[in-house]
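Structure record follows, encoded as structure tokens.
Taken together, the values in this text are just the output of simple stated rules run on the coordinates, not laboratory data. Computed from a predicted model, the values in this text were never measured in an experiment. Every residue, glycine among them, receives a Cβ derived from its backbone with ideal geometry; neighbour counts consider all protein chains shown.
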Amino acid sequence: MSAIRLLVLGAVRQHGRAHGYQIRNDLEFWGAHEWSNAKPGSIYHALKQLAKQALLHAHETAPSPAGGPPRTEYELTEAGGEEFLRLLREALTAHDQKLDVLSAGIGFIVHLPRAEAVALLRERVAAMREWRTAVTDYYTPEEGPGSLGHIGEIMDFWVSSADFGVEWTLGLIRRIEGGAYVFAGEGELPVTVLGEGDENPYATGERHPGDTA
């Protein structure tokens, strides 16, 4: 699973309708260019591919206020909304997701009902525990990594990662069950996207051909 698809669909969803530069600006505002492959080229490529797949609807607009050529604004289709939720649920449950996918999932978790978010995270905990058990069929943590030579360090790394992942996820579950954050259906969700013309303190300053597309 690619984090960029979830990130782009989620950013468009929060705007309702947005052009490529707005989406890029949002992802940089979230720091996604540091912890994922959300670089300018991949963002504009994802927008075009998602439109080809009928997950986004592309609107041709009037020339930009700065006098450049017309921009394309994107809006989620019904299928795009369904794909966003599917990717979000997958990001939160699969134990073997890359960190950028999990990070994207956590970033959009409040777009689910609170009870569903907790249930998905519990699935993640169960999957990580099952995976840890599978690893320990080959490696016994109590004997230490040296029992398998330097290859044991790999097993130790994965077991330690699973232990941390379970602990961290259970902590998040406790915070959510304790009432932290506003989830879907509970009121107005926090605004995490930049408005047109808002300054982005984390902008990279790089230009891309898609900035005027």
**Q.** Potential lengthening between residue 2 and residue 61 on full extension [0.36 nm per residue; Cα-Cα distance subtracted]
**A.** 18.4 nm
Q) Want the number for residue 75 to residue 17: 0.36 nm per residue separation, take away the alpha-carbon distance, what's left? A) 20.4 nm
Q) When 35, 131, 30 are ordered from fewest to most other Cβ atoms inside 10 Å of their Cβ, what list results? A) 35, 131, 30
Q) Which order do 74, 181 fall in if you start with the one that has the fewest other Cβ atoms within 10 Å? A) 181, 74
Q: Compute the FRET efficiency between residue 90 and residue 170 as 1/(1 + (r/R0)^6), taking r as their Cβ-Cβ distance and R0 = 35 Å, and round to the nearest 0.05.
A: 0.95
Q. Would you list 140, 93 from fewest to most Cβ contacts within 10 Å?
A. 140, 93
Q. Based on the alpha carbon coordinates of segment 113-183, what radius of gyration and maximum Cα-Cα distance (Dmax) apply, in Å?
A. 15.4, 48
Q | About the Cα centre, charge dipole magnitude for segment 113-183 (Lys/Arg +1, Asp/Glu -1 at Cβ), debye | A | 460
Q) For the charge dipole of segment 113-183, defined by +1 on Lys and Arg C-beta atoms and -1 on Asp and Glu C-beta atoms about the Cα centroid, which residue among 151, 168, 113 has the Cα displaced farthest towards the positive pole? A) 113
Q | Efficiency of FRET between residue 150 and residue 98 - r from beta-carbon atoms, R0 22 angstrom, step 0.05 | A | 0.35
Q. Pulled fully out, how much extra length does the chain show between residue 119 and residue 37, if you take 0.36 nm times their separation in residues and subtract their Cα-Cα distance?
A. 26.7 nm
**Q.** Within-12-Å neighbourhood charge of residue 42 [Cβ basis; K, R +1; D, E -1]
**A.** +3
(Q) Quick check on packing: order 159-166, 22-29, 46-53, 99-106 by the mean number of other C-beta atoms within 10 Å, highest mean leading. (A) 22-29, 99-106, 46-53, 159-166
(Q) Sort 11-20, 170-179 by the packing proxy (mean of other Cβ within 10 Å over each peptide's residues), most packed first. (A) 11-20, 170-179
